[in-house]
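*Asks:* Submitted below is the structure of interest, expressed as structure tokens.
Every read-out reported here was derived from the displayed coordinates using simple, explicitly stated rules and does not represent laboratory data. These numbers come from a predicted model, not from an experiment. Neighbour counts run over all protein chains shown; Cβ positions are idealised from the backbone, glycine included.
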Amino acid sequence: MVTIALDAMGSDHFPKPEVEGALQAAKAFGVKVILVGREDIVCRELDRHPGWKALPIEFRHASQQITMEETAGKAVRAKKDSSIRVSSRLVREGVAQGLVSAGNTGAVMATAKLVQGMLPGVDRPALASAFPTLGGTPAVMIDVGANVDCSPKMLAQFAVMGNIYSRVIFRTREPRVGLLSIGEEEHKGNALTHESLPLLKSLKHLNFIGNVEGRDVYTGFVDVIVCDGFVGNVALKVSEGLVDVVRQLLKQSLKTSITRKVGAYLAQGAFNEFKKRVDYSEYGGAPLLGLNGICVICHGRSNAKAIKNAIRVAKEFAEGKINERIATELDDWASAQAG
């Protein structure tokens, strides 16, 4: 049975979403979850759910908590018994195969990198996020915030990792990989995109389709979108804001008249389907790829559904042996470059 360590002190409303999400995941996916946090807080919430002891759920005490307001570097150095650090140690020691946290993103990334270490051939870990598309299959964007400044070599590594993620998690047979730029033409873009193109083309086992533009993110034209963390994070935050605005505009428009109220009632099914397709909780969280271990980072506002699905993603990563595949393919590429 795959075991996932869950930071129970991370979300905005901890530990309720974490506990409920863990129970739902244990029931639905046959996965073992180790809840990590302060005993007085987490166990009190667990006891609100009669019968939890019959599920593959365990608890590990962590005396400290890293808040959203703390700086990552200071928190990681000062709080060596934080729920994030204890969870990460469980992965390093092989007790758990993966870590899920809705806590301070910077602290989770720094701790996971420090405690779990990196895969051979990976310079920096990268956050991958799933974007809904018209084609139905989500597109993977990588990096969406782990690395503000990137080298061409790092973007090539991101392409390999994103390609494997799309194949294993979304069952895409031959993902189309594109480099995010300001135009499809190779002469457009900045120094980073110009220098990255030859490297991406040299990846023999990659279905690289060249430059793609921002408008291609949602069309289904591309399956994996490669960019640096600065550009990727801007794209992610703009997308999240746009989804919220569109959702509210639809609600307002459907409630402004009696006729529209009737239409709203008739269109409720379609509206619910729209919400499902753009709901971040369907994807759980963003995996931090390139670590020597599995780490999925969730929104701070994650609900139980998001936590449940993040645990599912971590389980699928473990079963799909994604880290082993990343290490193998990067080693093959490095050998080809050296030859």
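*Asks:* Just rank C150, C295, C43, fewest to most, by other beta-carbon atoms within 10 angstrom.
*Replies:* Ordered by Cβ neighbours within 10 Å, fewest first: C43, C150, C295.
*Asks:* If contacts are Cα pairs under 8 angstrom and at least 6 residues apart, what is the relative contact order of the chain in percent?
*Replies:* 23 percent
*Asks:* DSSP loop (so not H, G, I, E, B), at most 16 other Cβ within 10 Å: list which trypsin sites (Lys or Arg not before Pro) in the stretch 53-110 pass both filters.
*Replies:* Qualifying residues, ordered by number: K80.
*Asks:* Roughly how big is the chain's charge dipole about its Cα centre, with Cβ charges of +1 (Lys, Arg) and -1 (Asp, Glu), in debye to the nearest 20?
*Replies:* Dipole magnitude for the chain comes out near 1000 debye.
*Asks:* Quick one: what Rg and Dmax do you get for the stretch 94-248 from the alpha carbons, in Å?
*Replies:* Spelled out, the Cα radius of gyration and Dmax of the stretch 94-248 are 15.5, 49 Å.
*Asks:* Something else about it: Apply the Karplus curve 6.51 cos²θ - 1.76 cosθ + 1.60, θ = phi - 60°, to the phi angles in the stretch 57-67 and return the couplings in whole Hz, x for Gly and Pro.
*Replies:* 10, 10, 10, 10, 7, 9, 7, 10, 9, 9, 8
*Asks:* From the C-alpha coordinates alone, can you work out the Kirkwood hydrodynamic radius of the stretch 1-103, in Å?
*Replies:* Every distinct Cα pair counted, the radius reaches 13.5 Å.
*Asks:* Next up: Just grab the label-to-label distance for L250 and L134, each label 7 Å out from Cα along the Cβ direction, in nm (one decimal).
*Replies:* Calculated label separation equals 1.7 nm.
*Asks:* Hey, if you drop one equal point scatterer on each alpha-carbon of the chain and run the Debye formula without solvent, what base-10 log of I(q)/I(0) do you get at q = 0.13 Å⁻¹?
*Replies:* Computed log10 I(q)/I(0) values: -0.98.
*Asks:* Rounded to the nearest 500, what is the chain's calculated 222 nm mean residue ellipticity when only DSSP H runs of at least 4 contribute -39500 (n - 2.57) each, over all residues?
*Replies:* So the calculated ellipticity at 222 nm is -15000 deg cm²/dmol.
*Asks:* How large is the translational diffusion coefficient of the stretch 122-194 in µm² per second when you combine the Kirkwood radius over alpha carbon pairs with Stokes-Einstein at 4 °C and 1.567 mPa s?
*Replies:* The Stokes-Einstein estimate is 98 µm²/s.
*Asks:* Sticking with this structure for a sec: For the stretch 1-63, what's the relative contact order in percent, using C-alpha pairs closer than 8 Å and at least 6 residues apart?
*Replies:* Value for the stretch 1-63: 37 percent.
*Asks:* Could you go through the stretch 309-316 in sequence order and give the Karplus-derived ³J(HN,Hα) for each residue, using 6.51 cos²θ - 1.76 cosθ + 1.60 with θ = phi - 60°, rounded to whole Hz, and x for Gly and Pro?
*Replies:* 6, 5, 5, 4, 4, 4, 5, 5
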